[in-house]
Amino acid sequence: MGWIVRREALRFLGQRARLVSALVRPLVWLLVFAAGFRAALGLSITPPYQTYITYETYILPGLCAMILLFNGMQSSLGLVLDRETGTMRLLLTAPLPRWWLLTSKLVASTLISVLQVYAFLGIAAALGHADPGWGWLLALPTLFLSGLMLGALGLALSSTVRQLENFAGVMNFVIFPMFFLSSALYPLWKMAEASALLRDICAANPFTHAVEAIRFALHGQANWPAMGWVALAGAVLLGLALAGFEAGRGRRRAR
């Protein structure tokens, strides 16, 4: 695991554009879109907040989850590339269980994702859109758990996609519905005003539970039901990813 974490860290440090894009994307939402939505969207008191909040404060946890989601998908994109270049085959020939190697890959990408989240929070605080506090430290386990779940989603997708070109399309097909059909941009009660069905879809979205778990954690509270659903979804997705890689191994042996 230490070797894989080191390899992923070196790869990330060699891809500075990846860090820039990971930070620019949520900052654009925070500084540009939130400024326009603030006037159009009124927010009442929404748990865990005890008073009225600005729209920038509301979407901050969703933007943290966005970083985890995009980085989890990009790491899985690198996994597809490794498989095409043969690096993944070399890794899987190590005398270690396949599930341990893939889990190490997942942990490595999640650690990098969490570091990007804290970099984003630091910039948001410098711009006056976030207040540093104990909630940032308390949010670390929640961010790591959410990153594992979203990274496992990427692993599950990469286990079924064989070509790099196809994975890019699959990423867009998964990322944008997960993000927009969640509570990242609007509270669920706001969704219910438009459509009860839309609200139910958002409530069933694992990304919504990740956003709400992060929201409560940054506010210094624990949302145990949301964290439980995130952990359950992560375990299921990781199981699907491991099963997918084992199935792919069987197909290669058959050929």
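The values are calculated or read from the model by the stated rules, or taken from the named source; none is laboratory data. This one's a predicted model, so the numbers in the text were calculated from it and none came from an experiment. Glycine gets a Cβ as well: all are built from the backbone with ideal geometry, and neighbour counts include every protein chain shown. Ligands, DNA and RNA are excluded from the accessible area calculation, which covers all protein heavy atoms including side chains. Shrake-Rupley method; radii C 1.70, N 1.55, O 1.52, S 1.80 Å.
Rounded to the nearest 20, the Cβ-based charge dipole of the chain about its Cα centre (Lys and Arg +1, Asp and Glu -1) stands at 1080 debye. Counting 0.36 nm for each residue step from Leu13 to Gln50 and taking away their Cα separation leaves a gain of 9.3 nm.
Note on Met1 and Leu127: the extension gain reaches 41.7 nm, defined as 0.36 nm multiplied by sequence separation minus the Cα-Cα distance. The calculated pair-distance distribution of the chain uses every alpha carbon pair, bins of 5 angstrom beginning at 0, and gives 1, 6, 13, 18, 19, 16, 11, 7, 5, 2, 1, 0, 0 percent.
Extending 7 Å from Cα along the Cβ direction at Ser21 and again at Asp200 yields two label points whose distance is 3.7 nm.
Note on exposure: Phe173, Phe245 ranked by accessible area (1.4 Å probe, complete protein assembly) read Phe173, Phe245, with the most exposed listed first. Of all the options Trp189, Trp99, Trp229, the one that moves most in a Gaussian network model of the chain with Cα springs shorter than 10 angstrom is Trp189. Between the helical axis of 224-254 and the longest alpha-carbon principal axis of the chain there is an angle of about 20 degrees. In a DSSP loop and with at most 15 other Cβ atoms within 10 Å, the trypsin sites (Lys or Arg not before Pro) in segment 137-228 are Arg162. Taking 7 Å steps out from each Cα toward its Cβ at Leu96 and Tyr118 produces label points 2.3 nm apart. In the Gaussian network model of the chain, springs joining C-alpha atoms below 10 Å, which of Leu69, Leu60, Leu240 carries the largest mean-square fluctuation? Largest GNM mean-square fluctuation: Leu240. For the chain, the per residue solvent-accessible surface stands at 48 Å², with DNA, RNA and ligands left out and a 1.4 Å probe. Local charge for Ala65 was computed over the other residues whose Cβ lies under 10 Å away, with Lys and Arg +1 and Asp and Glu -1, and equals 0. Is segment 103-230 best put as rounded, prolate or oblate by its Cα gyration tensor, with a ≥ b ≥ c the root eigenvalues, rounded for a/c under 1.5, and otherwise prolate when a/b is larger than b/c, oblate when not? Because a/c hits 1.5 or more and a/b fails to exceed b/c, segment 103-230 counts as oblate. Oblate is the label for segment 117-164, because a/c, from the alpha-carbon gyration tensor with a ≥ b ≥ c as root eigenvalues, is 1.5 or above and a/b does not exceed b/c. A cut-off under 11 angstrom between Cβ atoms defines the neighbours of Pro48, and their net charge, with Lys, Arg +1 and Asp, Glu -1, is 0. Taking only protein heavy atoms and a 1.4 Å probe, the accessible area of the chain is 69% carbon and sulfur.
Between Phe173 and Glu246, what FRET efficiency comes out of the Förster formula 1/(1 + (r/R0)^6) with R0 = 30 Å and r the beta carbon distance, rounded to 0.05? Write out the running numbers ahead of the final one.
Details: r = 24 Å, r/R0 = 0.81.
Rounded to the nearest 0.05, the efficiency is 0.80.
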